[in-house]
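To start, the structure itself, in structure tokens.
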């Protein structure tokens, strides 16, 4: 089955610890994205990547880091510098072909930092 | 002003009703338009793309008015299973630049269909 997987579904961490969220896709999509969603709010873009070994900051990149060593994988690290890390994190991918720029989402990871 | 604005609702309607959601966007460089559906505590899922000529998928009809920078979604014969948050989404990039595929998401409109 083609799709996007994120793991784990729930993650609990102590303040001051870095944590890495996994995102894998087997859709052969070029572009991948990370968003965070807070309760009652819209999605905010953290980082995105259009090609392997290249990525750009989104609107709220501070306190986060990413890598894109393989087309299929785009892990996100939430560092201790992120002031309010507790949120719902969503990974997405997009084919970026012709005029098709729709994004497809993974099931998300709920991160709680105490 | 937000780049994509939606009435957050909630819209409470009885089963079988017709309901319409509106969305406005501020950037005239917007190129592609979508409606996504998000169930409670789940990921957003693509409902439909929105084309200039308007498009229909079963009970769902989407319209785009580029002159007014306005998008709409009409749901006919509402079902209980239509209860969700509907996100208006826009792909923006300036003319002459490459499209990064970045999408701007509205905050969503919540629909609750009652028996």
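Mind listing just one residue for me: the one in segment B:47-66 that is farther than 18 Å from residue B:90 by Cα and surrounded by fewer than 12 Cβ atoms within 10 Å (Cβ to Cβ) and, of those, farthest from the other protein chains (Cβ to nearest Cβ)?
B:58
Is it the case that some residue within segment B:90-100 is within 28 Å of residue A:87 (Cα to Cα), in contact (Cβ under 8 Å) with a residue 60 or more places away in the chain, more than 11 Å from chain A (Cβ to nearest Cβ) and surrounded by 13 or more Cβ atoms within 10 Å (Cβ to Cβ)?
Looking through segment B:90-100, none of the residues is within 28 Å of residue A:87 (Cα to Cα), in contact (Cβ under 8 Å) with a residue 60 or more places away in the chain, more than 11 Å from chain A (Cβ to nearest Cβ) and surrounded by 13 or more Cβ atoms within 10 Å (Cβ to Cβ).
With the requirement that a residue be within 14 Å of residue B:102 (Cα to Cα) and surrounded by fewer than 16 Cβ atoms within 10 Å (Cβ to Cβ), what does segment A:61-114 give you?
A:97, A:99, A:100
Taking only segment A:18-35 into account, find how many residues are surrounded by fewer than 18 Cβ atoms within 10 Å (Cβ to Cβ) and assigned to a strand (DSSP E or B).
So the count comes out to 2.
Could you please let me know if residue A:38 is over 30 Å from residue B:9 (Cβ atoms) and either touching a residue at least 40 places away in the same chain (Cβ under 8 Å) or crowded, with 16+ Cβ neighbours inside 10 Å (or both)?
no
Of everything in segment A:1-12, what is assigned to a loop (DSSP other than H, G, I, E, B) and either more than 14 Å from the chain's Cα centre (by Cα) or more than 11 Å from chain B (Cβ to nearest Cβ) (or both)? Give them in sequence order.
Residues satisfying the conditions are A:1, A:2, A:3, A:8.
Matching residues to (1) surrounded by 15 or more Cβ atoms within 10 Å (Cβ to Cβ); (2) without any contact (Cβ under 8 Å) to a residue 40 or more places away in the chain; (3) in contact with a helix residue (DSSP H, G or I) (Cβ under 8 Å, 6 or more places away or on another chain):
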| site | (1), (2), (3) |
| --- | --- |
| B:3 | no, no, no |
| B:8 | no, no, no |
| B:23 | yes, no, no |
| B:45 | no, yes, no |
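Does residue A:15 satisfy the condition of being farther than 30 Å from residue B:109 by Cα, modelled with pLDDT under 95 and either surrounded by fewer than 21 Cβ atoms within 10 Å (Cβ to Cβ) or within 14 Å of chain B (Cβ to nearest Cβ) (or both)?
Against the criterion (farther than 30 Å from residue B:109 by Cα, modelled with pLDDT under 95 and either surrounded by fewer than 21 Cβ atoms within 10 Å (Cβ to Cβ) or within 14 Å of chain B (Cβ to nearest Cβ) (or both)), residue A:15 qualifies.
Taking the residues in segment A:56-114 that are within 11 Å of chain B (Cβ to nearest Cβ) and more than 18 Å from residue A:30 (Cβ to Cβ) as candidates, determine which candidate is modelled with the lowest pLDDT.
A:59
The values are calculated or read from the model by the stated rules, or taken from the named source; none is laboratory data. Computed from a predicted structure; not experimentally measured. Counting neighbours? That spans all protein chains shown, and the Cβs are built from the backbone with ideal geometry, glycine included.
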